[in-house]
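J.: Let me give you the structure first, and then I'll get to my questions.
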Amino acid sequence: MAGGIQNIGRIPELNRRILITILLLAVYRIGVFIPTPGIDAQALAGFFSQAKGTLLDFVVMFTGGALARFSVFALGIMPYISASIIIQLLTVVIPHLEKLSKEGESGRKQIVQYTRYGTIVLSIIQGLGISIGLESMKGPAGELIVQTPGWEFRIMTVITLTAGTAFIMWLGEQITERGIGNGISLIIFAGIVARFPTAIGHTFGLVKTGEMNFLFVLLLIALMIGIIAFIIFVELGQRRIQIQYPKRMVGRKMYGGQSTHLPLKINSAGVIPPIFASSLIIFPATAVQFINIPLLKSISTSLNPTGVIYNILYAALIIFFAYFYTAIQFNPNDVADNLKKYGGFVPGIRPGPNTAEYIDRILTRLTLWGAIYLSLVCVMPSFLIGWWGVPFYFGGTSLLIVVGVALDTAQQIESHVLARSYEGLLKSGRLKGRRG
């Protein structure tokens, strides 16, 4: 991979894609600092300073700090992810959506359009709930957060936040189409990474004041490096199923007979399960934080990120989405049919349904280990936070997303480099067949 990345400067198309990605992410980060009108910034900052280590602090991490500033991007990309989850779940139970999912590119575009509509609806609902809740909330000194409460503020806030989420959604799609990497994942990645300098500075501040031991910080750094190495090791790990192609005669020449493999990753779903699981917890939790209803407040309090209930629910959702997303992305029956169509087979396994069953059995076992790995990485640091007072921004979810997205983006860059190198070989004639 390092050798391929060294050749980035020689490929104008790849340079253009990387530049577009950086510029669009810069636009996103600028939008995080544009405030929504009608808010007392100091009172809001005081309110969020009291939410450190709570679920609301977790929400702030996923919005890249936009919610703490109540900027135009305060809702972040979470409504889009929630809409994606809902549409994908409905695809399993609604025949029309299931039919669209099997119609190739045209069906995919229609499903994406439904996801956009769902994003707008969820943004309106969430924006209205937050605007109403903010009107009754006060800062540490008792000052009102909303300067002029009323329907004018509510409507303006809903329009602003909905437009902000729609713009982020558009940025993510543009990055995916014109840039490099997955746009939505990169937006979350940028939000998390942007908070690292402040987090590091705050940690050293705790060391200076004596609230945190310096040796413990070194231990924390070593633990982070170990977790990152473990994530990279598992993300690159795969099970290779041997595929054999029989020999065949074409004219007077014998072709085929080669042996290849079908790679199955340990974690086929990538960082999607933690993102989906977080979104399902964050979406209602965000609105609950701004609604003054005792029952909802008590439910929100029980979902403390360092609590047992939250971590059990989080791990269960990660395991569910690991299987769910893998099933959507990889169909053993299609793979088995394609192998049979081109004459390929797994040694010792009959082609067709038996091959599909064999692949499905291996994939199910790999997904189980992948889901357990994701759950451990995301949940284990939460106990460190609760037991030893580790700052919340060093959570396993943030490290997993950062490392996972970085690996995925680096692999896409390498694919562009290899494709370009292959085209260069074809143009130079080095791969042309011999002439008789």
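Laboratory data are not the source of any read-out in this text; all were calculated from the coordinates shown. Quick caveat, the model's predicted, so the values are computed rather than measured. Using ideal geometry, Cβ is built from the backbone for each residue, glycine included, and neighbour counts are taken over all protein chains shown.
J.: Restricting things to alpha carbons, find the Rg to Rh ratio for segment 149-250 using the Kirkwood radius for Rh.
T.: On the way: Rg = 24.0 Å, Rh = 19.3 Å.
Checking Rg against Rh, the ratio lands at 1.24.
J.: Could you check the spin-label model distance between THR209 and LYS109? Points 7 Å from the Cα along Cα→Cβ, value in nm.
T.: Distance between the two pseudo-spin positions: 5.6 nm.
J.: Excluding residues on the same chain fewer than 8 positions from LYS102, give the aspartates and glutamates whose Cα lies under 18 Å from its Cα.
T.: ASP334, ASP337
J.: Separate question: Distance in nm between label sites at ILE309 and PHE230, each 7 Å beyond Cα in the beta-carbon direction?
T.: With each label point 7 Å from Cα toward Cβ, the separation is 2.8 nm.
J.: How big is the gap, in Å, between the Cα center of segment 312-369 and the Cα center of segment 139-203?
T.: Comparing the Cα centres of segment 312-369 and segment 139-203, I get a distance of 37 Å.
J.: Under the Karplus relation 6.51 cos²θ - 1.76 cosθ + 1.60, θ = phi - 60°, what is the ordered set of whole-Hz ³J(HN,Hα) values for segment 43-48, x standing for Gly and Pro?
T.: 5, 5, 4, x, 5, 6
J.: Less than 15 Å Cβ to Cβ from GLU177, Lys/Arg counted +1 and Asp/Glu -1: what total charge do the surrounding residues give? Show your work: numbers first, answer last.
T.: On the way: positive: ARG16, ARG17, ARG108, LYS109, ARG116, ARG178; negative: GLU13, GLU105, GLU173.
Value of the local net charge: +3.
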